[in-house]
1. Can you report the number of residues in the range 161-184 which are in contact with a helix residue (DSSP H, G or I) (Cβ under 7 Å, 6 or more places away or on another chain) and not in a helix (DSSP H, G or I)?
2. Collect the residues in the range 134-155 that are assigned to a helix (DSSP H, G or I) and either touching a helix residue (DSSP H, G or I) at 6+ places or on another chain (Cβ under 9 Å) or under 15 Å from residue 86 (Cβ atoms) (or both), keeping them in residue-number order.
3. Going through 138, 99, 103 one at a time, which residue ends up being within 14 Å of residue 50 (Cα to Cα) and surrounded by 13 or more Cβ atoms within 10 Å (Cβ to Cβ)?
4. Within the range 106-120, which residues are assigned to a strand (DSSP E or B) and more than 20 Å from residue 148 (Cα to Cα)?
5. Could you say which residue among 131, 158 is buried (at least 17 other Cβ atoms within 10 Å of the Cβ) and either at pLDDT 90 or above or part of a loop (DSSP other than H, G, I, E, B) (or both)?
6. Going by what's in this entry, would residue 75 be described as within 19 Å of residue 129 (Cα to Cα), touching a helix residue (DSSP H, G or I) at 6+ places or on another chain (Cβ under 9 Å) and touching a residue at least 12 places away in the same chain (Cβ under 8 Å)?
7. For residue 85, state whether it is surrounded by fewer than 20 Cβ atoms within 10 Å (Cβ to Cβ) and closer than 12 Å to residue 48 by Cα.
8. Just to be sure before I move on: is residue 143 loosely packed, with under 14 Cβ neighbours inside 10 Å and more than 13 Å from residue 75 (Cβ to Cβ) in the structure I sent?
């Protein structure tokens, strides 16, 4: 029977999954489900497709410029190979998509996606608000995330992320869009110089 834990306006359900497999896409045995407006599943060793968006107040004051998109990309990549492996990401003018796998904090315990994203949002908010000469909320507090269950879902998420700028008419070649980064590409200059 799942164990329920509540706090901070969220409910969390933790249970041991009984099925174990040797498939490389095995999602592990620890399942944590938390809920704000949307359900969020955390499973150790999983890859996640994550989306977060500008707060409505922030989007009224302007979409993210190329310089601001670079700030967001750097905040995401600061934790690459430290707390998660980022496979591909795109920073759009009003939202962000990431395909990433959290790393182990210690054997059997992974860095939680909410912890990483809190740091990313905090750092990028601080830098962008400073550049804009404003204060206030930049990002929506809620995120959309999905545990990637197999190779087909991984490929679908990666193609969706890559095609986002094309679909929005921001680029003719997705690799030329300034908001895209993929695993194996050089990290932007300055990533890792200062903590979020």
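The values are calculated or read from the model by the stated rules, or taken from the named source; none is laboratory data. Note that the structure is a prediction, hence the values are computed from the model and not measured. Cβ placement follows ideal geometry from the backbone for every residue including glycine, while neighbour counts extend to all protein chains displayed.
1. First pass over the range 161-184, keeping only residues in contact with a helix residue (DSSP H, G or I) (Cβ under 7 Å, 6 or more places away or on another chain): 162-163, 165-166, 171, 174, 177-181.
Next, from what is left, pick out any that are not in a helix (DSSP H, G or I): 171, 177-181.
Selection size over the range 161-184: 6.
2. Filtering the range 134-155 down to residues assigned to a helix (DSSP H, G or I) leaves 151-155.
154, the sole residue that qualifies.
3. Working: 138 fails: within 14 Å of residue 50 (Cα to Cα); 103 fails: within 14 Å of residue 50 (Cα to Cα).
Of the residues listed, the single one that is within 14 Å of residue 50 (Cα to Cα) and surrounded by 13 or more Cβ atoms within 10 Å (Cβ to Cβ) is 99.
4. Here is the first cut: in the range 106-120, the ones assigned to a strand (DSSP E or B) are 106, 109-110.
Within the range 106-120, 106 is the sole residue that qualifies.
5. Result of the check over 131, 158: 158.
6. Numbers: within 19 Å of residue 129 (Cα to Cα): yes; touching a helix residue (DSSP H, G or I) at 6+ places or on another chain (Cβ under 9 Å): yes; touching a residue at least 12 places away in the same chain (Cβ under 8 Å): yes.
Spelling it out, residue 75 is indeed within 19 Å of residue 129 (Cα to Cα), touching a helix residue (DSSP H, G or I) at 6+ places or on another chain (Cβ under 9 Å) and touching a residue at least 12 places away in the same chain (Cβ under 8 Å).
7. Values: surrounded by fewer than 20 Cβ atoms within 10 Å (Cβ to Cβ): yes; closer than 12 Å to residue 48 by Cα: yes.
Here the answer is yes, as residue 85 does meet what is asked.
8. On the way: loosely packed, with under 14 Cβ neighbours inside 10 Å: no; more than 13 Å from residue 75 (Cβ to Cβ): yes.
Taking the combined requirement at face value, the residue does not satisfy it.
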